[in-house]
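To start, the structure itself, in structure tokens.
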Amino acid sequence: MKAFNKFHTSDKAVRTVDDIVFDSLLEARLYVLLKDAIGLDAFELQPSFTLQEKFRDTDGKLIRPIAYKADFLIPDGNHNIVIDTKGMKTPEFKIKLKILKYQNRGIDIRLLSSQKSFVDLILSLENVKVILPGTKLNGSPDQIQALLRLRCKEIWAATKQKKPEMIKGQ
């Protein structure tokens, strides 16, 4: 009998890519696409932002810091793009997002939830080169978009079939 999972996450085996266990299948899918499309050196996994430092209250009790951990960070020229994959926005997430935006005015935060949003993100990168190993890129935006969409479909299909070995990427 399968154990009950109140968070409705996918099987750990399907959420594991390159020996990294992701919090969600959506996050694992985006990791594979980013790895294939722009390379591992072009993004950072799970960057953390401190929203409030730790402190001691008037009774001397230590209050822990509040942190926000995004899924990915992509440096794109003079600005960073913070990426979070979300199936559902929890009340805690909404509050942390507001604080992050307040403390980092002008920060570029992208909440992704679909194949189209994944492709749109990569196409929006101005200073990160799309590489897609194993393909012959001619630099045409239409060709790059078509190849990204195809790779997304492959990743989605592999994870729906619960064949994690198929999403390992190039």
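What do you reckon, is residue 35 closer than 15 Å to residue 159 by Cβ and either modelled with pLDDT of 85 or more or in contact with a helix residue (DSSP H, G or I) (Cβ under 6 Å, 6 or more places away or on another chain) (or both)? For residue 35, the condition - closer than 15 Å to residue 159 by Cβ and either modelled with pLDDT of 85 or more or in contact with a helix residue (DSSP H, G or I) (Cβ under 6 Å, 6 or more places away or on another chain) (or both) - is met. Restricting the stretch 54-83 to residues that are surrounded by 10 or more Cβ atoms within 10 Å (Cβ to Cβ) and charged (D, E, K, R) leaves a set whose member that is farthest from residue 152 (Cα to Cα) is 54.
Of the residues contained in the stretch 107-128, none is found to be in contact with a strand residue (DSSP E or B) (Cβ under 9 Å, 6 or more places away or on another chain), assigned to a helix (DSSP H, G or I) and open to solvent by 80 Å² or more (accessible area, probe 1.4 Å). Among residues of the stretch 41-55 that are at positive phi and without any contact (Cβ under 8 Å) to a residue 60 or more places away in the chain, those with a beta-carbon under 6 Å from a residue that is part of a strand (DSSP E or B) and of a type outside the set (Phe, Trp, Tyr) at least six positions away or on a different chain give the pairs 46/69.
Working carefully through the options 89, 101, 94, find the one that is free of Cβ contacts under 8 Å to residues at least 60 places away in the same chain, assigned to a helix (DSSP H, G or I), in contact with a strand residue (DSSP E or B) (Cβ under 8 Å, 6 or more places away or on another chain) and not polar (S, T, N, Q).
Numbers: 89 fails: assigned to a helix (DSSP H, G or I); 94 fails: in contact with a strand residue (DSSP E or B) (Cβ under 8 Å, 6 or more places away or on another chain).
Answer to the check: 101.
Before we move on, is residue 50 more than 16 Å from the chain's Cα centre (by Cα), farther than 29 Å from residue 158 by Cα and part of a strand (DSSP E or B)? Spelling it out, residue 50 is indeed more than 16 Å from the chain's Cα centre (by Cα), farther than 29 Å from residue 158 by Cα and part of a strand (DSSP E or B).
The values are calculated or read from the model by the stated rules, or taken from the named source; none is laboratory data. Since the model is a prediction, treat every value here as computed from it, not as a measurement. Using ideal geometry, Cβ is built from the backbone for each residue, glycine included, and neighbour counts are taken over all protein chains shown. We work out accessible area using only protein heavy atoms, side chains counted, and drop any ligands, DNA or RNA first. Shrake-Rupley method; radii C 1.70, N 1.55, O 1.52, S 1.80 Å.
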